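Notes follow once the structure below has been shown.
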Amino acid sequence: MSKTIQSVRGMNDLLPEQVAQWQWVEAAIRDVTASYGYREIRTPIVERSELFYRSIGEETDIVEKEMYTFADRNGDSLTLRPEATASCVRAAIHSGLVHNRSERLWYLGPMFRHERPQKGRYRQFHQFGIEAQGWNGPDVDAEVILLGDRLWKQLGLDDVQLEINTLGSSRSRASYREALQAFLIGHRQDLDENSQRRLESNPLRVLDSKDPQTQVILQNAPDLMSYLAPPEIDNFQRLVELLDAGGVTLKINNRLVRGLDYYTGPVFEWVTDRLGAQNAICAGGRYDGLFAELGGRDVPAAGFACGMERLLELVVQGGLDFKAKVADVWLVLLSADAESAGFTLAESLRDRGLRAICNCGGGSISQQLRRADRSDARFAAVIGEEELRDSHVTIKPLRDRGSQVRIAREDVAEYLLSNREA
Ligand code: HAM
């Protein structure tokens with residue numbers, strides 16, 4: 001026997017039972033995005049690598065270490081998308097989506113990062129995200145955050161917390177970066193290894209360090225807020241007020257910096273303590289420079305992306321409140337003629353919107369009824385010699401106590417429809 005082939009490490013199958021759970025969450029996403037006027041966009045999974053070098057930034061973990069980049073047969077450098085914000089901006093520039101107008105977009109799909117797999121961290125994972133393109137904020141920044149909050153509530157999650165910060169414009173951030181770097185250089189020897197490396201390339205990311213000794217040093221680091229221009233501070237305060245008006249509780253976390261370079265202004269994360277180390281289920285912020293960086297006009301924008309695997313883990317842990325759709329009927333077919341009659345009947349049931357499964361692979365009546373019982377179908381409909389003779393069907397309830405009935409074939413659809421659960 002030849003060896004079995006395993007899936008790629010960090011890339012998982014979603015089996016039918018999980019897909020039913022995902023679809024339930026996806027339905028909530030469709031509902032919530034529609035209620036805020038967001039429209040779905042679908043962009044390719046593969047993009048030119050340059051798109052991510054220029055947007056996420058060359059000195060980020062994602063671009064330095066995590067991208068699936070390859071040369072195609074023409075020698076072009078392509079990358080499996082590690083995120084979709086850059087793609088949404090590229091698509092909007094290319095198709096003129098935000099030409100003289102604004103656009104609210106949402107997306108859902110697989111992303112790829114070559115990270116070390118662990119619970120909640122995968123190499124293929126899925127993001128649901130939204131991008132509001134063409135508004136300055138802080139009103140739309142608040143809207144973006146409120147949309148997330150509404151989704152968590154709709155999914156029955158009441159223990160995700162919002163942390164927000166503001167990174168200011170690129171100008172204020174540049175002067176802060178200088179001050180922070182000067183401070184950190186004074187403590188170089190005591191910083192963790194990763195932070196020492198980031199000190200030169202991306203000192204703001206040192207604020208993210210989880211190393212206890214680095215965290216002690218950071219307690220005396222310069223504060224970003226004192227480098228912001230007054231309008232930036234006003235905008236941030238207005239955002240906090242609007243979130244308050246929308247009923248969202250938040251924590252201001254001045255250490256919150258993001259792992260992607262395109263952010264300007266407010267940034268945020270939704271975190272939970274139910275998921276261990278991978279505690280962020282959703283993250284985002286404002287990225288006003290990205291359109292220009294990718295060759296478009298200056299278009300302000302903000303958005304977020306939510307990790308679907310983490311969201312699903314939370315929803316499932318909390319006890320899912322949904323019923324997977326089950327078949328209405330399993331047809332037990334006891335001869336070749338019964339099979340023909342059953343196939344005709346099943347098609348007519350499906351025409352009426354019923355879910356019908358025909359027994360395939362033959363078998364005795366008890367074998368077929370056992371299969372019917374193992375499926376989640378609500379009724380079995382038996383066609384044997386007797387039923388064939390007088391165009392009847394014997395219907396057996398599989399889930400409820402009710403008794404078996406014999407009814408004419410043309411009445412089966414009505415019977416099943418009137419016995420359907422609400
Ligand atoms: P991000 O913080 O890189 O931001 O990812 C957003 C979310 O995706 C994370 O909070 C996490 O839930 C999920 N995630 C990221 N990496 C993995 C992984 N390896 N396995 C499982 N889940 C993961 C972005 O991607 C930005 N594009 C967000 C954004 C949209 N900003 C503005 N608009």
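The values are calculated or read from the model by the stated rules, or taken from the named source; none is laboratory data. Given the structure is predicted, the values throughout are model-derived calculations rather than measurements. Cβ atoms come from the backbone with ideal geometry, glycine included; neighbour counts cover every protein chain shown. Areas reflect the complete protein model, heavy atoms only, side chains present, ligands, DNA and RNA absent. Shrake-Rupley method; radii C 1.70, N 1.55, O 1.52, S 1.80 Å.
So, for the chain, what is the accessible surface per residue at a probe of 1.4 Å, expressed in square angstrom? List each step's numbers first, then the result.
Details: 21530 Å² over 422 residues.
Per residue, the chain has an accessible area of 51 Å².
Trypsin sites (Lys or Arg not before Pro), restricted to region 297-399: which are DSSP loop and have at most 11 other Cβ atoms within 10 Å? Please list the in-between numbers first.
On the way: sites: Arg297, Arg310, Lys323, Lys325, Arg350, Arg352, Arg355, Arg370, Arg371, Arg374, Arg378, Arg389, Arg399; in loops: Arg297, Lys323, Lys325, Arg352, Arg355, Arg378, Arg399.
For trypsin sites (Lys or Arg not before Pro) across region 297-399 that sit outside H, G, I, E and B with at most 11 neighbouring Cβ atoms in 10 Å, the list reads Arg297, Lys323, Lys325.
Students often check this: by mean Cβ neighbours within 10 Å, which of 403-411, 237-245 ranks highest, and how do the rest follow? Kindly include the intermediate steps, with their values, before the conclusion.
Numbers: 403-411: 12.8, 237-245: 15.9.
Result, highest mean first: 237-245, 403-411.
Round to the nearest 10 and give me the degree value, 0 to 90, for the angle of helix 308-317's Cα axis relative to the longest principal axis of the chain.
60 degrees
Just by accessible area at a 1.4 angstrom probe, what is the order of Met308, Met11 from largest to smallest?
Numbers: Met308 0, Met11 35 Å².
The most accessible residue leads, giving Met11, Met308.
Could you give the size of the charge dipole of region 298-371 about its Cα centre, using +1 on the Cβ of each K and R and -1 on the Cβ of each D and E, expressed in debye and rounded to the nearest 20?
Numbers: 8 positive and 9 negative charges, 59 e Å.
For this selection, approximately 280 debye.
If His126, His187, His94 are ordered by their accessible area, calculated over protein heavy atoms with a 1.4 Å probe, which sequence runs from highest to lowest? Kindly include the intermediate steps, with their values, before the conclusion.
On the way: His126 30, His187 60, His94 155 Å².
Descending order: His94, His187, His126.
How much length is gained on full extension from Arg374 to Asp31, taking 0.36 nm per residue of separation minus their Cα-Cα distance? Don't skip to the answer; put the middle values down first.
Working: separation 343, 0.36 × 343 = 123.48 nm, distance 3.31 nm.
Length gained between Arg374 and Asp31: 120.2 nm.
Region 337-413 to region 38-53: how many Å between their Cα centroids?
48 Å
Could you let me know the centre-to-centre spacing of region 95-114 and region 134-166, using Cα atoms, in angstrom?
That distance is 18 Å.
Ranking request for peptides 142-149, 154-161: highest mean number of other beta-carbon atoms within 10 Å first, then the rest in descending order.
Values: 142-149: 21.9, 154-161: 15.6.
Going by the mean number of other Cβ atoms within 10 Å, highest first, we get 142-149, 154-161.
With r defined as the distance between the Cβ atoms of Phe70 and Leu417 and R0 fixed at 60 Å, what FRET efficiency is calculated, to the nearest 0.05?
Values: r = 53 Å, r/R0 = 0.88.
So, using R0 = 60 Å, E works out to roughly 0.70.
Given Ala341, Gln154, Ile164, which one lies farthest toward the positive end of the charge dipole of the chain, if we put +1 on the Cβ of every Lys and Arg and -1 on the Cβ of every Asp and Glu?
Farthest towards the positive pole: Ala341.
Which trypsin sites (Lys or Arg not before Pro) from region 156-215 combine a DSSP loop assignment with at most 13 other Cβ atoms within 10 Å?
Lys210
List the residues whose amide H sits under 5 Å from the amide H of Cys282, counting only those 5 or more places along or on another chain, with H placed 1.01 Å from N in the peptide plane.
Result for Cys282 returns Trp270, Gly307.
With Cβ to Cβ distances under 13 Å as the rule, what net charge do the other residues near Thr69 carry (K, R +1; D, E -1)? Don't jump to the answer; show the numbers that get you there.
Numbers: positive: Arg48, Lys65, Arg81, Arg113; negative: Glu47, Glu50, Glu58, Glu64, Glu66, Asp72, Asp76.
Residues close to Thr69 contribute a combined charge of -3.
In whole Å, how far is the Cα centre of region 8-34 from that of region 196-258?
Centre-to-centre distance over Cα atoms comes out at 33 Å.
Report the trypsin sites (Lys or Arg not before Pro) located in region 1-50 that are in a DSSP loop and have at most 14 other Cβ atoms inside 10 Å of their Cβ, or state none.
Qualifying residues, ordered by number: Lys3, Arg9, Arg42.
How much length is gained on full extension from Asp273 to Ser391, taking 0.36 nm per residue of separation minus their Cα-Cα distance?
Details: separation 118, 0.36 × 118 = 42.48 nm, distance 6.08 nm.
Taking 0.36 nm per residue and subtracting the Cα distance, the gain is 36.4 nm.
Would you work out the charge dipole size for the chain about its Cα centre, treating the Cβ of every Lys and Arg as +1 and the Cβ of every Asp and Glu as -1, and quote it to the nearest 20 debye? The partial results should precede the final answer.
Numbers: 52 positive and 62 negative charges, 124 e Å.
Computed charge dipole of the chain: roughly 600 debye.
From the square roots a ≥ b ≥ c of the eigenvalues of the alpha-carbon gyration tensor of region 329-418, which class results: rounded (a/c under 1.5), prolate (a/b over b/c), or oblate?
On the way: a/c = 1.26, a/b = 1.03, b/c = 1.22.
Taking the square roots of the gyration eigenvalues as a ≥ b ≥ c, region 329-418 is rounded.
Antiparallel as a % of all DSSP beta bridges within the chain, to the nearest 5? Mind dumping the intermediate values first?
Details: 49 of 62 bridges.
Here the share of antiparallel DSSP bridges comes out near 80 percent.
Which angle from 0 to 90°, rounded to the nearest 10, does the C-alpha axis of helix 230-245 make with the longest principal axis of the chain?
That helix lies at roughly 30 degrees to the long axis.
Longer than 27 Å from Cα to Cα, which of Lys65/Lys210; Lys210/Lys251; Lys323/Lys396; Lys65/Lys251; Lys251/Lys323; Lys153/Lys251 are they? Say none if no pair is.
Numbers: Lys65/Lys210 19 Å; Lys210/Lys251 19 Å; Lys323/Lys396 22 Å; Lys65/Lys251 31 Å; Lys251/Lys323 36 Å; Lys153/Lys251 18 Å.
Listed pairs above 27 Å: Lys65/Lys251; Lys251/Lys323.
Once ligands and nucleic acids are excluded and a 1.4 Å probe is used, how much of Asp211 is accessible, expressed in Å² to the nearest 10?
50 Å²
Which residue, Thr394, Thr214, Thr272, tops the fluctuation ranking in a GNM of the chain built on C-alpha contacts under 10 Å?
Of the options given, Thr394 has the highest mean-square fluctuation.
Would you be so kind as to identify which of Ala372, Thr394, Ala413 lies farthest towards the positive end of the dipole of region 329-418, taking Lys and Arg as +1 and Asp and Glu as -1 on Cβ and the Cα centre as origin?
Towards the positive end, the residue furthest out is Ala372.
Where the only charges are on Cβ atoms (+1 Lys, Arg; -1 Asp, Glu), what is the dipole of region 54-135 about its Cα centre, to the nearest 20 debye?
Dipole about the Cα centre, nearest 20: 300 debye.
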